[in-house]
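Shown next, in structure tokens, is the structure this report addresses.
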């Protein structure tokens, strides 16, 4: 019984982890290539979720909804890059933080203006809903398994993109020496817009996919954004591999901590106090993990330097 | 162009004149609003010491604001329920006395700032921003999950805490208390900037290597500044909780950390009175735009974008015609 519970919770943790990876990959890519800290990444997650919920409501097709989420988030990302972000690459981090904080305010209130304060709902399509029986007799929701699959596919795709394609070479070159690749005739501002739109599309995809298991509402992006920050701090800023490892660690710690810490405390405390202490500690577990990594490696697991 | 000293005195005078006028005009709400300005300014003065002088872009100062608030909330809650705080070994009575609460609030925030600083200052730049943000969020979730003090709903304190010799229930008297606290913090910030500690801190912000070569430890300097900064913001949190007679996890929220930075940016980074004028403008916008439309954050965002993209040095930079220090 306990093993079943553990396997189920590990799967939940992986599912949460791959969704965090979709967010963290875009953040770390944008920071690695452009040196920009983007707080508004959570808003792009929200844009994806709202676009998906709206299109799913209008057409009834989940696949169309996902495409809409990708397109809307990429378009919003590209637009914001051209209008605002582009002016911030050379600015101080403080200015970047403030300008992208301002973008969050505009995106959040703008969305509230258009869609109202009530959450929208996006349903898991019938062909993906319901449990599936895994080897060993564990019934697990099919949709969550699909999420894990999509996350791993995106991770592999990103690896292929950066390691094996011409665009990937340009991205990696841009991380190292932007003057040099501009001198070699690569249109650097187009490359930046492309990278930003790619990161935005990943965030939008995550928003739509998660939107189907949670409610779609204003402000849904920020808690995920802050966890994604924890992920890339743990993994090392700029490293996609680090983002993947970090996302898995954070996803598993958060999920398993929430379930097992209260149980653990029940072994030597009375039930009520154990639940209280356990769940409070679980809510801090991710940040404690981050502190430990920081003490051990200040620039993250795969970071080159701070 | 106007001299910065003249602007500073004008701001301070305005801040006293408004509530005094309100007393005669019987506009109680204006006094409350100005008290809000003073408390937010005090919190931002705290942040300005880390951000403006020390160059540490902390996106987690809500942690200290919230700790100050909860220090007040928990002590006053135990006083109003007549149940002692049980630490296992010792029991501590709750209290409704402001000086005691302030002492506890600053001490706890200073301790938290020391711990957070010790970890966060191992890093710089973007890492520092994200890590302080994450630690702030840690306190937020902790406050939500800790059911003993209201959890997500927060804690209400029915009667404002007392100060010997004053009746804090009278709005103008409470305003006076907060104003004195702000002035003390401003004098501290001013003295700090001119002191040898402030100068070395400034040097540590610009070129840490040089500070190191003359035999000083930039990390220690920054940590001390961060602790002072956190303590002041914590005191502001205790006052804020007393103003509203309510504490909730919202005091720990990352939006609040962001707003504190906004106050400083609007006023001008590293300026003595930057946080004060910033808080005045912010509360005025919140009140005025908030009255016009529910979606006032859209306009706040647009104004903020404009300031970041097109103006350097905030309001004080604009009035004096001089850019502030770069962070």
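Along its three principal axes, how long is the protein assembly as shown when you only count alpha carbons? Whole Å, largest extent first please.
Largest first, the protein assembly as shown extends 74, 66, 56 Å along its Cα principal axes.
Considering chain A, what Rg and Dmax in Å follow from its alpha-carbon atoms?
Spelled out, the Cα radius of gyration and Dmax of chain A are 20.0, 69 Å.
Counting other beta carbons within 10 Å of each residue's own, what order do B:183, B:178 fall into, fewest first?
Ranked by crowding around the Cβ, least crowded first: B:183, B:178.
Give me the orientation-averaged projected area of the Cα convex hull of region A:54-152, in nm², one decimal.
If I average the Cα hull's projected area over directions, I get 9.5 nm².
Looking at the calculated P(r) for region A:115-188, what percent of the C-alpha pair distances fall above 22 Å?
Beyond 22 Å sits 56 percent of the P(r) for region A:115-188.
How do the peptides B:202-214, A:270-282 rank, highest first, by the average count of neighbouring beta carbon atoms within 10 Å per residue?
Packing proxy ranking, top to bottom: A:270-282, B:202-214.
Let me test this: with uniform point scatterers at the alpha carbons of region B:247-293, what is the Debye-based log₁₀ I(q)/I(0) at q = 0.23, 0.32 1/Å?
Each listed q corresponds, in turn, to -0.84, -0.99.
Let me have the relative contact order for region A:8-220, percent, based on Cα pairs under 8 Å that are six or more residues apart.
Computed over region A:8-220, the figure is 44 percent.
Calculate how large, on average over all directions, the projected area of the Cα convex hull of region B:149-260 is; give the answer in nm² to one decimal.
Projected area, direction-averaged: 9.5 nm².
Ranked from highest to lowest mean number of other Cβ atoms within 10 Å per residue, what is the order of the peptides A:237-246, A:198-207, B:241-250?
In descending order of packing, they fall as A:198-207, A:237-246, B:241-250.
What do you get for Rg/Rh over region A:101-253 if you use C-alpha atoms and the Kirkwood form of Rh?
With Rg and the Kirkwood Rh in hand, the quotient comes to 1.03.
Report, as an integer, the average count of C-beta atoms from other chains found within 10 Å of each Cβ along A:104-116.
So the per-residue partner count for this stretch is 4.
Mind jotting down the distance between the C-alpha centroids of region B:61-78 and region B:246-320, whole Å?
That distance is 23 Å.
Working from Cα positions, state the angle (0 to 90°, nearest 10) between the long axis of helix A:93-115 and the longest principal axis of chain A.
70 degrees
So how far, in whole Å, is the C-alpha centre of region A:261-306 from the one of region B:1-38?
46 Å
In angstroms, what radius of gyration and Dmax does region B:4-320 have, counting Cα atoms only?
Considering region B:4-320 through its Cα atoms, Rg and Dmax are 19.3, 60 Å.
Kindly give Rg over Rh for region B:124-190, based on alpha-carbon atoms, with the Kirkwood expression for the hydrodynamic radius.
That ratio is 1.15, to two decimals.
For peptide B:295-308, how many partner chain Cβ atoms fall within 10 Å of a residue's Cβ, on average?
The per-residue average across the peptide is 6.
Given region A:57-108, report the % of alpha carbon pairs whose separation exceeds 17 Å.
For region A:57-108, the share of Cα pairs beyond 17 Å comes to 49 percent.
Quick one: check the C-alpha center-to-center distance for region A:147-165 versus region B:127-183, whole angstrom.
46 Å
For region A:16-55, how big is Rg over Rh, using alpha carbon atoms and the Kirkwood form of Rh?
1.05
Taking every residue in B:141-152, how many Cβ atoms of other protein chains lie within 10 Å of its Cβ, on average?
Going residue by residue through B:141-152 and averaging, the value is 4.
In degrees from 0 to 90, rounded to the nearest 10, what is the angle of the helix A:166-176 Cα long axis to the longest principal axis of chain A?
Helix A:166-176 and the main axis of chain A meet at about 90 degrees.
Quick note: the coordinates plus some simple rules give every number you see, no bench work behind them. Only a predicted model underlies this, so the values are computations on that prediction, with no experimental measurement involved. All Cβ positions, glycine included, derive from the backbone under ideal geometry; neighbour counts span all protein chains shown.
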